[in-house]
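Please treat every number below as a calculation from the coordinates, not as lab data. Keep in mind that this is a model prediction, so the values were computed, not measured. With ideal geometry, Cβ positions are generated from the backbone for all residues, glycine too; neighbour counts draw on all protein chains shown.
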């Protein structure tokens, strides 16, 4: 530990203090005692870091992922999900099916174009009916066999991320705003019996459609998984189950005519979706290492930082904590094809508050939680001044080190405008990052150095 003491003149003191957080420092030119001279200290300490394994994260979301991929560094990742479907209260079919018969049922999986892996790898999606109602336990280590009859498939479909059955012109078509119009999808034919069961229930046992709870008992949902292929993971944006049927109607001249109709059930934010992630081949990431710590999503591994608060507390006692800049430095990403990218955002917060943070739908507050944005040019996550976090910890637990979890996250933003009509982004939600990513963090001595600036008046 190095300690530097500077006795500053008034003008220099004012310059330095003007950049401090007034809420934290309680220092400003207006309250500086007359004839007092500030003593500014810059103390150097060193953090410690290690890689830890987690088998699950809290992930309440309507977005999922599907597929399987192998990365030479981060191992094998398999992703799938179970979902319920939203049903309006006292639901009934819009039309009466011809002869009270359903024609067909389709399950559609819509995904974004930001998949991970080889777009031409043949994969197979398979459906199973959920037989036990899902519970609101949004952790990603769920066991589908506890909810589903894995002996009874509801359908399957082989696919590639870049659907070669879709022409280039349609795939690349854009509207007048320049947005792509075609939504990639996987369409799986389900048994006609599923749709027939729905219609028959609206006639014979309509009470099962009284509300969402009774509907969930009637049809608990669908499990979507990958049963063939390794090399691609899709980012799922929405899922739908559509029931098709014919009905009798009147033509323009009053004659009987047969029309076509459909009923669609969607997985929405009002119902449960459970995402499962299964990671393997990661034991080497957990081996003792003095130079590298790892982050991998979804779930997988994360980094734990230890700030030596027990050593810091007696040294800075009686001083005002002014500035504790924190950044994490990364090594270059892997160069092989389809290598994982670094997550755009990571969150730091005390280890014991991680679970409650995500369950309570919290966002960063720059007091107990800080958001770091990845800079590809410098390979750095910068968190700014974490003085409030350190100060709060020392006040509450001076005899304990500060243990921080570093977690890859997804940041959802909103927009507003200041008085100069400049657009400003703000955080709407922070969730565990559910897309494949990985980054190697430097934990050598230089990277773990932290400088603490404090102020004392005498």
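Remarks
- Inter-label distance, residue 176 to residue 451: 5.6 nm, where each label sits 7 Å from its Cα along the C-beta direction.
- Overall, the anisotropy analysis places the stretch 75-279 in the oblate class: the square-rooted eigenvalues a ≥ b ≥ c of its C-alpha gyration tensor yield a/c not less than 1.5, with a/b not exceeding b/c.
- Relative contact order (%) - the stretch 75-279, alpha-carbon pairs under 8 angstrom, separation at least six: 45
- Take every pair of alpha-carbon atoms less than 8 Å apart whose residues are at least six positions apart; their mean separation over the length of the stretch 30-142 yields a relative contact order of 37 percent.
- Across every pair of non-identical alpha carbons in the stretch 255-361, the mean reciprocal distance, once inverted, gives a Kirkwood radius of 19.9 Å.
- The orientation-averaged projected area of the convex hull spanned by the Cα atoms of the chain comes to 29.9 nm².
- Cβ crowding within 10 Å averaged over residues, with 422-434, 344-356 ranked highest first: 344-356, 422-434
- The chain: angle of helix 192-204 to the longest principal axis, Cα-based, in degrees nearest 10: 80
- Nearest 10 degrees, 0 to 90: helix 387-396 Cα axis against the chain principal axis: 80
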